[in-house]
1. Going by the structure shown, is residue 118 over 23 Å from residue 13 (Cα atoms) and either among the hydroxyl-bearing types (Ser, Thr, Tyr) or at pLDDT 95 or above (or both)?
2. Of all residues in segment 101-135, count the ones that are among the charged types (D, E, K, R), free of Cβ contacts under 8 Å to residues at least 12 places away in the same chain and part of a loop (DSSP other than H, G, I, E, B).
3. Restrict the check to segment 50-66 and report whether at least one residue is over 13 Å from the mean Cα position of the chain (by Cα), more than 20 Å from residue 17 (Cβ to Cβ) and exposed (fewer than 11 other Cβ atoms within 10 Å of the Cβ).
4. Which count do you get for residues in segment 39-68 that are free of Cβ contacts under 8 Å to residues at least 24 places away in the same chain and among the acidic types (Asp, Glu)?
5. Give the residues of segment 39-52 that are within 18 Å of residue 113 (Cα to Cα) and part of a helix (DSSP H, G or I), sorted by residue number.
6. Return the residues of segment 85-99 that are within 12 Å of residue 125 (Cβ to Cβ) and within 17 Å of the chain's Cα centre (by Cα); say none if nothing qualifies.
7. For segment 62-100, name all the residues that are at pLDDT below 95, in a helix (DSSP H, G or I) and among the hydrophobic types (A, V, I, L, M, F, W, C).
8. Would you please name the residue that is surrounded by the most Cβ atoms within 10 Å (Cβ to Cβ), looking only at residues in segment 73-128 that are of a type in the set (Phe, Trp, Tyr) and within 25 Å of residue 50 (Cβ to Cβ)?
Amino acid sequence: MLPRPAQRPGPPIWIGGNSRAAMRRVAELADGWAPFEQPAAMAKVTATPVLVFEQLVGKIADLKQARAERGRSADVDVCYSPAMGRDAERNVEILTEGIPSYQEAGVTYVSIESHAHSFDDCIRELELYGKALRP
């Protein structure tokens, strides 16, 4: 591909998904994994594997072991996307309670989906998350 990346080595490669194939690709090739929470009802609709937070600790441990078995660093970034609703205030509560557990599980980043309907709503939502979740 051209142009080639200016940085060496090239930019970090992240792979998303909950499937065995996605995790194998992360173990073999990638720098990061982006799993997303999929309760059973949602997994039926999206045709992707179920993943709830309680499974994440084991999945991250499996991923680290698979990377080590391939001679790669077991250190891997994980960007978890928890399933949340459309109420930003409730989502802040969920994240405030959940982030310590996410960190303990090995999550290094959290991805949050915005449900804002306007630019101003988006800014308000970002400010809400920023004030509540800033270390």
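1. Working: over 23 Å from residue 13 (Cα atoms): yes; either among the hydroxyl-bearing types (Ser, Thr, Tyr) or at pLDDT 95 or above (or both): yes.
Yes; evaluated as a whole, the condition is true for this residue.
2. 1
3. no
4. Of the residues in that region, 1 qualify.
5. Residues of segment 39-52 within 18 Å of residue 113 (Cα to Cα): 39, 42-43, 46, 51-52.
42, 43, 46, listed by residue number.
6. Within segment 85-99, 91, 92 meet the criteria.
7. 88, 92, 94, 95, 99
8. We begin by selecting, within segment 73-128, every residue of a type in the set (Phe, Trp, Tyr); these are 80, 102, 109, 119.
Filter again for within 25 Å of residue 50 (Cβ to Cβ), leaving 80, 102, 109.
Working: 80: 23, 102: 18, 109: 13.
Among those that are of a type in the set (Phe, Trp, Tyr) and within 25 Å of residue 50 (Cβ to Cβ), it is 80.
The values are calculated or read from the model by the stated rules, or taken from the named source; none is laboratory data. Note that the structure is a prediction, hence the values are computed from the model and not measured. Every residue, glycine among them, receives a Cβ derived from its backbone with ideal geometry; neighbour counts consider all protein chains shown.
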